[in-house]
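Below is one structure; the comments refer to it alone.
The values are calculated or read from the model by the stated rules, or taken from the named source; none is laboratory data. Model, not experiment: these values are computed from the prediction. Neighbour counts are summed over all protein chains in view; Cβ atoms, including those assigned to glycine, are modelled from backbone coordinates with ideal geometry.
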Amino acid sequence: PGTVQVHFCVRWSSGRPVRARSPTMVLVWVVFSTALAAIVSADYCAYRGCHPVYPGKLNVHLIPHTHDDVGWLKTVDQYYYGSNKVHAGFGVQYILDSVVSELLKNKNRRFIYVESAFLWRWWQEQDADSQAAVVQLVQEGRLQLVHGGWCMSDEATPHYSMLIDQMTFGLKFLKDTFGECGIPKIAWQIDPFGHSTEVALQFADMGYDGVFFGRIDHEDYRQRVDTKTMEHIWRPDTSLGEVGELFTGILFNLYTAPNGFCFDTYCSDEPIMDNPKLHGYNVNERITDFMREVRFWAEAYKTNHVQITMGGDFNYIVASSWFKNMDKLIKYINSKFNDVNVLYSTPACYLKAL
């Protein structure tokens, strides 16, 4: 009361208006936009490599991913190397080694990676051949870089300038390393405890097409499941019109795999045993159980598309255990269920399909 808030509007190369609240913020956004100037040109890269979907079927988008905290119970470097095993023995360096190796074996496979802080560390240790192979995976859409920030930041306590800084730092690394194909179109805020309109506005201003998150209030979650409103268009600033809109999706199971289908080495779920000559053959049982979970998840959404997150915290240290079993899920379900299409996918490909 009694004060006047002046809003400035700058326009970067994409043509998107970016709201600023002070001359200082205008300067911040100008610098910020330099690192992001090519983001709209990344559309082709983000949405290429998507497998076919079918209007008359339930399209089940398997989203292979790992959630790697950039510091929590251990330091960032301890998580990267796998040291300080009192808290946990996994190392992110081994996850990236393993995932890249498995992606190169099969062009149908897909994987998303989020945390630029770990990717930067790993990248410094790769030889030229390995780097070239990863660049090709990114360009072909088989390894999709999602979110792009140095980390998956909290949305409540950081000042907006810190949020901009960490996004700029991560996105600049991706742009410098992978070119325009390294620039994400999807934000992936699956673990922050709560979501703010200011962060959503920043994603919209930066040219992101959508954001997905996992943690919401349990009563809000229950209501959205019951009313099939897990996905919507967020308008954090209605004065911006369509350019301020952001597709927003809430993941069904936080960000973990369906119950009984964690294929990581430290999970106790059964693998898919498909050789009838060996003891323990369980294909029919396993695909029936998986489809029961899938149809339960799909009931919360309005379309014939559903994302099934296949991963979790520091998963894919032995990526072959995941990919071998997902290969089998795709093979046997698609051959048995005429009304279902299971496919490797990414959040961008899922959004494109919608």
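Residue 130 passes all but one of (1) surrounded by 17 or more Cβ atoms within 10 Å (Cβ to Cβ); (2) among the polar types (S, T, N, Q); (3) more than 16 Å from residue 71 (Cβ to Cβ); which number fails?
Just one mismatch for residue 130, condition (1).
List the pairs whose first member sits in the range 177-196 and is more than 24 Å from residue 131 (Cβ to Cβ) and assigned to a loop (DSSP other than H, G, I, E, B), whose second member is modelled with pLDDT of 90 or more and among the acidic types (Asp, Glu), and whose Cβ atoms are under 8 Å apart, counting only residues at least 6 apart or on separate chains?
191/69
Check the range 45-52 and report whether any residue there is touching a residue at least 24 places away in the same chain (Cβ under 8 Å), surrounded by fewer than 22 Cβ atoms within 10 Å (Cβ to Cβ), assigned to a loop (DSSP other than H, G, I, E, B) and of a type in the set (Ser, Thr, Tyr).
yes
From 251, 246, 278, 240, grab the single residue that is surrounded by 12 or more Cβ atoms within 10 Å (Cβ to Cβ) and more than 24 Å from the chain's Cα centre (by Cα).
It is 240.
Which of the following residues is more than 24 Å from residue 72 (Cβ to Cβ) and surrounded by 18 or more Cβ atoms within 10 Å (Cβ to Cβ): 207, 214?
Step by step, each of 207, 214 is checked, and only 207 is more than 24 Å from residue 72 (Cβ to Cβ) and surrounded by 18 or more Cβ atoms within 10 Å (Cβ to Cβ).
Search the range 287-315 for residues being touching a residue at least 24 places away in the same chain (Cβ under 8 Å) and among the basic types (Lys, Arg), and hand back the single one that is farthest from residue 266 (Cα to Cα).
The qualifying residue farthest from residue 266 (Cα to Cα) is 302.
For the range 313-324, how many residues are in a helix (DSSP H, G or I) and either acidic (Asp, Glu) or surrounded by fewer than 21 Cβ atoms within 10 Å (Cβ to Cβ) (or both)?
Here the count works out to 3.
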